[in-house]
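Presented below is the structure to which this report refers.
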Amino acid sequence: MTFDTEIDRRNTDCIKWDKMESAFGVSPEDGLAMWIADMDFPPGPFLQEAMQGLLTRADYGYFCGLESYEDAIIGWMRDRHGWTVEREWMFTTYGLGNGIAITLNALTAPGDEVIIFSPVYHEFAAKITKTGRVVKELPLAIVDGVYTMDFDAYAGMLSGRETMVIACSPHNPAGRVWTQEELTALADFCQRHDLLLISDEIHADLTFAGHTHIPMHVAAPQIADRLVMTTSASKTFNIAGGRTGCVTIPDPDLRARFHRFFNTLDMQPNLLGVALTRAAYSPAGAAWCDALCTYLEGNAAVFNDGVNAIPGLSAMPMQGTYLAWVDFAGTGMERPEFSERVYGTARIAATPGHTLGKGGESCLRFNVGMPRARVREAVDRLADAFADLQ
């Protein structure tokens with residue numbers, strides 16, 4: 001595997017590098033891009049072979065043969081996650097952001113309140129707002145240093161206008177892998193309050209030793225009648241440019257409701273995304289994914305241990321993903337000051353925690369999906385930027 005190989009993504013129309021200066025004032029010439037959630041690793045050779053196959057065939061017209069693509073998804077979910085998926089349950093969307101927006105439009109009404117557990121991936125709130133629904137933030141609690149859902153507290157926070165929950169499993173930004181007990185409690189909460197549930201499982205493959213991702217449909221089959229599963233190969237294999245996601249709805253009635261709206265969009269899968277997903281969900285892709293998870297766990301240890309050695313900084317333990325969550329509250333600094341030290345002094349572009357909702361105001365999210373030498377460099381830069389506290 002080539003995870004230590006340095007690649008230069010500057011001036012390639014890569015958002016992560018070519019938009020970091022306009023977003024954060026950090027030049028790609030001397031900065032480190034640790035914000036948007038994609039990785040700085042060379043693509044797996046199986047992906048390159050799939051792309052070369054498209055070039056060799058030299059046919060970019062209308063296409064068929066989606067059965068092998070669907071078989072790849074079905075096989076991956078069965079073999080890696082113990083989840084049995086039927087072909088007729090699946091809808092292909094232009095990535096999962098698109099899939100979530102379609103689900104909101106199809107299964108809720110304008111003005112409905114949609115619950116998110118914050119802090120959480122900022123695009124959930126964005127999609128809720130764009131579709132004319134209302135964001136309802138329920139704050140995550142911190143127990144034993146990690147996030148957990150506090151359903152006893154949530155019961156008293158509801159207005160009665162909520163119709164749906166969007167949950168992130170594993171959790172972004174903190175890399176939390178939810179347990180069977182927590183997923184059961186989430187299912188009970190949805191049943192008790194008559195809520196539909198979107199389970200966004202885009203980071204499902206990226207778990208560390210001792211932690212196992214459990215698909216929501218496996219953890220709580222009793223809520224199949226209110227469950228929408230969203231998955232994609234895009235985060236695991238860094239193929240978000242393929243704009244391909246999968247919305248899976250086991251219940252026939254709920255699926256029919258979704259399909260009525262989905263069908264009005266006249267959407268079709270794209271050739272590039274299909275080819276890349278089919279290649280990713282293969283034995284070669286599985287071996288690459290296993291090696292990636294081991295490497296990311298090492299990166300997380302290097303970054304979090306280094307950050308936690310800096311007085312005033314605290315990194316939440318990661319159980320998966322490549323997104324580290326660092327709290328700067330211990331510095332005693334307000335957000336503009338610690339942000340200036342990270343962006344201006346350390347020259348690191350990280351995601352502002354306040355954009356991920358309540359509870360993120362004193363935090364920044366760092367993407368450690370990069371060669372380990374860059375992770376070590378990031379730690380050194382942060383240590384220098386906060387050296388006066390040591």
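The values are calculated or read from the model by the stated rules, or taken from the named source; none is laboratory data. The structure displayed is predicted, hence computed values, not measured ones. Virtual Cβ from ideal backbone geometry, glycine too; neighbours counted across all protein chains shown. Side chains included, ligands, DNA and RNA excluded: accessible areas come from the protein's heavy atoms. Shrake-Rupley method; radii C 1.70, N 1.55, O 1.52, S 1.80 Å.
Name the residue that is farthest from Val146 (Cα to Cα), counting only residues in the range 211-229 that are out of contact with any strand residue (DSSP E or B) (no Cβ under 8 Å at 6 or more places or on another chain) and assigned to a helix (DSSP H, G or I). Among residues in the range 211-229 that are out of contact with any strand residue (DSSP E or B) (no Cβ under 8 Å at 6 or more places or on another chain) and assigned to a helix (DSSP H, G or I), the one farthest from Val146 (Cα to Cα) is Asp225.
When the criteria are applied in full, Ser68 meets the requirement of being at pLDDT 95 or above, closer than 30 Å to Pro250 by Cβ and exposed (fewer than 14 other Cβ atoms within 10 Å of the Cβ).
Kindly indicate the residue of the range 233-242 that is open to solvent by less than 10 Å² (accessible area, probe 1.4 Å) and of a type in the set (Gly, Ala, Ser) and also nearest to the chain's Cα centre (by Cα) among those meeting that condition.
Among those that are open to solvent by less than 10 Å² (accessible area, probe 1.4 Å) and of a type in the set (Gly, Ala, Ser), it is Ala233.
Of the listed requirements (1) of a type outside the set (S, T, N, Q); (2) assigned to a helix (DSSP H, G or I); (3) over 22 Å from Ala209 (Cα atoms), Gly360 misses just one: (2).
Take the residues in the range 19-38 that are part of a helix (DSSP H, G or I) and hydrophobic (A, V, I, L, M, F, W, C), then tell me which one is least open to solvent (accessible area, probe 1.4 Å). So, considering only residues that are part of a helix (DSSP H, G or I) and hydrophobic (A, V, I, L, M, F, W, C), the one least open to solvent (accessible area, probe 1.4 Å) is Met20.
Taking the conditions exactly as written (aliphatic (A, V, I, L, M), open to solvent by 10 Å² or more (accessible area, probe 1.4 Å), under 23 Å from the mean Cα position of the chain (by Cα) and under 17 Å from Leu96 (Cβ atoms)), does Ala280 satisfy them or not?
The answer is no for Ala280.
Listed by position, the strands (runs of 3 or more DSSP E) contained in the range 126-182 that have at least 1 residues being open to solvent by 40 Å² or more (accessible area, probe 1.4 Å) and in contact with a strand residue (DSSP E or B) (Cβ under 6 Å, 6 or more places away or on another chain) are 134-139. Is at least one residue of the range 378-385 closer than 29 Å to Pro139 by Cβ, open to solvent by less than 30 Å² (accessible area, probe 1.4 Å), not in a helix (DSSP H, G or I) and not acidic (Asp, Glu)? Checking the range 378-385: not a single residue is closer than 29 Å to Pro139 by Cβ, open to solvent by less than 30 Å² (accessible area, probe 1.4 Å), not in a helix (DSSP H, G or I) and not acidic (Asp, Glu). The set of residues from the range 1-18 being closer than 27 Å to Ala72 by Cα and open to solvent by 20 Å² or more (accessible area, probe 1.4 Å) comprises Met1, Thr2.
For the range 78-87, the criterion of being open to solvent by 30 Å² or more (accessible area, probe 1.4 Å) and β-branched (Val, Ile, Thr) is satisfied by at least one residue. Considering each residue of the range 255-270 in turn, none proves to be β-branched (Val, Ile, Thr) and either in contact (Cβ under 8 Å) with a residue 60 or more places away in the chain or crowded, with 23+ Cβ neighbours inside 10 Å (or both).
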